[in-house]
1. Tell me, what is the Rg over Rh of region 25-93, with Rh the Kirkwood radius over Cα pairs?
2. When only DSSP loop residues count, what trypsin sites (Lys or Arg not before Pro) in region 225-318 have their Cβ near at most 16 other Cβ atoms within 10 Å?
3. Kindly report the accessible area of region 112-186 per residue (heavy atoms of protein chains, probe 1.4 Å, no ligands, DNA or RNA), in Å².
4. Using each residue's phi in region 109-114, evaluate 6.51 cos²θ - 1.76 cosθ + 1.60 at θ = phi - 60° and report the 3J(HN,Hα) Karplus result to the nearest Hz, with x for Gly and Pro.
5. Going by accessible area, probe 1.4 Å, with all protein chains left in place, what is the ranking of 175, 346, 64, largest first?
6. Give the carbon-plus-sulfur fraction of the accessible surface of region 98-251 in %, rounded to a whole number; probe 1.4 Å, heavy atoms of protein chains only.
7. Scaled to the compact-protein estimate 2.2 N^0.38 Å, what is the alpha-carbon radius of gyration of region 33-159, rounded to two decimal places?
8. Expressed as a whole percentage, what fraction of the accessible surface of region 351-455 belongs to carbon and sulfur atoms when a 1.4 Å probe is rolled over the protein heavy atoms?
Amino acid sequence: MILTSSYWDAHERGTDLEPLPNLTVGDALRSAVDAAPDEIALVAGVDDPALRRRWTYTSLWEASNRCAHWLLDRMDPGERLAIWAVNDPEWVIALFGAALAGVVVVPMNPAFRTTEAAHVLGPSAAVMVLHADDHRGNPIADHVAELRGRFEHLRTSVRIADLFDEIANAPSTGSLPDVIATDLAQIQFTSGTTGFPKGACLQHGSITNNARLMHRRLGLRAGDVYVNPNPMFHLGGCGLGTLGPVQFLATHVLVHHFEAGLFLDLLESESATVTGAVPTMLIALMEHPDFAHRDLSALRTVSSGGSVVPAALVRTIEDRLGVQYSTMFGQTEASPGITQTHLDDSAEDKGATVGQPLEHMSVKIVDDAGNIVAVNTSGELLARSPVVMSGYWNLPVETAAAIDDDGWLHTGDLAVMDDRGYCRIIGRLKDMITRGSENIYPREIEDVLFAHPDVAEVAVVGVPHDRLGEQVAAFIRARPGASLDIEALRTLVRESLATHKVPVQWTVVEAMPQTASGKVQKHVLRDRWVAAQTGENE
């Protein structure tokens, strides 16, 4: 069907689709045990190969079942369990155990300090926290002790390293609560690329269905080995990376911490067939000095999302890794996927678009008045689907602003839809630069700059200007061994785009400020630039 307006209706296109199974997280594991009890389900992706523990689907089920009974001795269904730890297998056991117990998981970034953690533990009213001792010098256990004294509702804290000892004597049989697909499974606090996070309420069916739909388009299948370098506190890790493999009877190799050498070693030593990672991880992988000497011939498919993937990077990934590539686009509030490219899409579509909407997902592009725009016309992307969050935790005003009365999620992303339903993200409403009376979308400038062979990463933001309101600033990281010629980059943009889009301010950086899930924090770049102009110290 050729579209004339920027509206993809899931109902019109879903007549021959597989119905959504609406599994709970626990149901997904139960089904896997029934279908493939002896297949390897989980591998601890740590540095030392001798310490890479392995679980079959049966042993994963047994540990998760014991964890569920252990949790129910300490908390009630519906109460919140915070997990403040790195990517240990215990995280996965706790995730499935909580699901079977009807307990709501609240993932926490292990880089959080006390103040940041309080903004999660306080509003979520978590009653228990499973925590690491520390993370890269961050004394998590000390923070927990302080916060337990601050919040009366935080009744219990347990070292996640002790989880297997804790659950060893828990019963392996007995009744568990009835949990259904519409029950709350997680409260995911947004990554904070633009400021203060909010807790997105995600139902069991939302996160299992989204992982199923995205990995079906990715071609995941039984027997695959899926290496997951994404942090478990983010949906890329505990959603797509965990709930995709279990539904397709694949092996989930959980990378303990992201380090390019470890990621590379696991891809080779575990004969990975599929992986998904944010662009910064893939760039680091290909920049690793051992990359050219590793055997990654088993690798078939790579996906990426979390931030915009420039066309030049897509071509580099497919050429250097020898894989089929898929771009995913979404946000936490959508559990997270909204659109995705197909594996057999053209190189042009993979590089220039974020694909078509997922099955069971309606998408439309609207103008400032909420009217659907014609195809190839920019506007805000809205999405509606059973996988969209039920709302923000205890924030009714913010929920009403994000999800309208007709159930449409307002993503805040500026996009264009073509007559086939393929979407192209051109920026964030908050990122749009207003220079005088002209609106400038950073994405198109970033695409031009990233195509230069000496550029490893680029972020374009608007910075204050007395007369114009904002002017264009480019922050660039060079590829290893390269030297950046700013005048040549300026000329490249001038030859490709209108003059008013050429950055006025240029800054070469050693590294981009990122969230722990790998998204570039443009507001941090802007704040640093402003501070530098006013003579303030960071």
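The values are calculated or read from the model by the stated rules, or taken from the named source; none is laboratory data. Here the structure is a predicted model, which means the values were calculated and not measured. Note: ideal-geometry Cβ built from the backbone for every residue, glycine included; neighbour counts use all protein chains shown. Just so you know, the surface numbers come from the protein's heavy atoms only, side chains and all, with ligands and any DNA or RNA stripped out. Shrake-Rupley method; radii C 1.70, N 1.55, O 1.52, S 1.80 Å.
1. Rg/Rh: 1.00.
2. 294
3. Values: 3810 Å² over 75 residues.
So region 112-186 comes to 51 Å² accessible per residue, rounded to a whole number.
4. Each residue's phi maps through the Karplus curve to give 5, x, 7, 4, 9, 4 Hz.
5. Largest to smallest exposure gives the sequence 175, 346, 64.
6. Values: 2620 of 5320 Å².
Whole-percent figure for carbon plus sulfur exposure: 49.
7. 1.11
8. 48
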